[in-house]
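Step one of this worksheet: look at the structure below.
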Amino acid sequence: MRSPRTLHGGLEARHSSPSYTLGKRRTDHNLLIPEADLKGLGAELHYTQRGGDITFHGPHQAILYPIISLRSIGIGARNYVETLERSMLEFASVYGVKARAGHKGETGVWVGDRKIGAIGVRISSGITSHGLAFNIDPDLKYFEHIVPCGIADKEVTSLRRETDDMLLPSEEVIHEQLVSCLAKAFSYDDVVWKEDPSFILDNQEEYKD
């Protein structure tokens, strides 16, 4: 019988206030309003070292920022990003939502032509940071002020919208479910989350989805 396997490391994150984050591949025109107007929306703007362009983070998103040594689990950067995608696809299926990974030219996880999950990671010396964000029931109006991840003419959706307003469990339960889906995607039995070990990340590899 196979002994239980536990994936150690990681950080669960939640954004208590609305914010826009810009990755290393940002372009200024994907923020559709003047930066000075963000305060009126109650939102902040943050520049990050992850891959990708601009996205929104806020309340009622499931956000996981894994900090994992890819060398210790024997996978590469692309495989890691694809595994994050699979974890969100598995999570969506828990609620009967048929999601898909992005087609060529798209990034993230989609329901039809509507984006429900985003990935933006940084990898330095084999150590990951940043991660994924899955829309549970955020205020989707915030996405109207950006071109999410630099992909124009596409809608953004949420678990709430795609499940016809079904009664969803608490956000604590939802985050536990997402963590379980992440463990399953990595073929681990469990994930142990630790406090941020404050890695100093240099010489990053950047991937966006």
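Residues in the range 48-64 that are surrounded by 18 or more Cβ atoms within 10 Å (Cβ to Cβ), at pLDDT below 90 and not aliphatic (A, V, I, L, M): R50, G51, G52, D53, T55. Taking first residues from the range 84-111 that are more than 17 Å from P66 (Cα to Cα) and partners that are of a type in the set (S, T, N, Q) and assigned to a loop (DSSP other than H, G, I, E, B), the Cβ contacts under 8 Å between residues at least 6 apart in sequence or on separate chains come to Y95/T163; G96/T163; V97/T163; V111/T157.
Within the range 92-111, if we keep just the residues that are small (G, A, S) and surrounded by 21 or more Cβ atoms within 10 Å (Cβ to Cβ), the residue that is nearest to the chain's Cα centre (by Cα) turns out to be G108.
Residues in the range 142-162 that are in a helix (DSSP H, G or I) and either over 20 Å from E90 (Cα atoms) or among the charged types (D, E, K, R) (or both): how many? Please lay out each step first, then the result.
Keep residues of the range 142-162 that are in a helix (DSSP H, G or I), which gives 142-145, 148-150, 159-162.
Within this subset, residues satisfying the condition of being either over 20 Å from E90 (Cα atoms) or among the charged types (D, E, K, R) (or both) are 142-145, 148-150, 160-162.
Count: 10.
On the stretch given as the range 148-163, residues that are at pLDDT below 90 and not basic (K, R) total 6.
Among the candidates G9, G108, G23, single out the residue that is at positive phi, at pLDDT below 90 and in contact with a strand residue (DSSP E or B) (Cβ under 6 Å, 6 or more places away or on another chain).
Step by step, each of G9, G108, G23 is checked, and only G108 is at positive phi, at pLDDT below 90 and in contact with a strand residue (DSSP E or B) (Cβ under 6 Å, 6 or more places away or on another chain).
Counted as qualifying within the range 54-141 are the strands (runs of 3 or more DSSP E) with 1 or more residues that are under 25 Å from L41 (Cα atoms) and either touching a Gly at 6+ places or on another chain (Cβ under 8 Å) or of a type in the set (K, R) (or both), namely 54-57, 61-65, 114-124, 127-135. Give L89, L32, L45, L70 a once-over and let me know the one that is out of contact with any Lys or Arg (no Cβ under 9 Å at 6 or more places or on another chain), surrounded by 14 or more Cβ atoms within 10 Å (Cβ to Cβ) and hydrophobic (A, V, I, L, M, F, W, C). Selected residue: L70, the only one of L89, L32, L45, L70 that is out of contact with any Lys or Arg (no Cβ under 9 Å at 6 or more places or on another chain), surrounded by 14 or more Cβ atoms within 10 Å (Cβ to Cβ) and hydrophobic (A, V, I, L, M, F, W, C).
Cβ-Cβ distances below 8 Å connect the following pairs, each with a first residue in the range 126-144 that is free of Cβ contacts under 8 Å to residues at least 40 places away in the same chain, a second residue that is in a helix (DSSP H, G or I), and a separation of six or more residues or different chains: L140/R161.
The values are calculated or read from the model by the stated rules, or taken from the named source; none is laboratory data. None of the values given here were measured: they were computed from a predicted structure. Cβ sites come from the backbone with ideal geometry, for glycine too, and all protein chains shown count toward neighbours.
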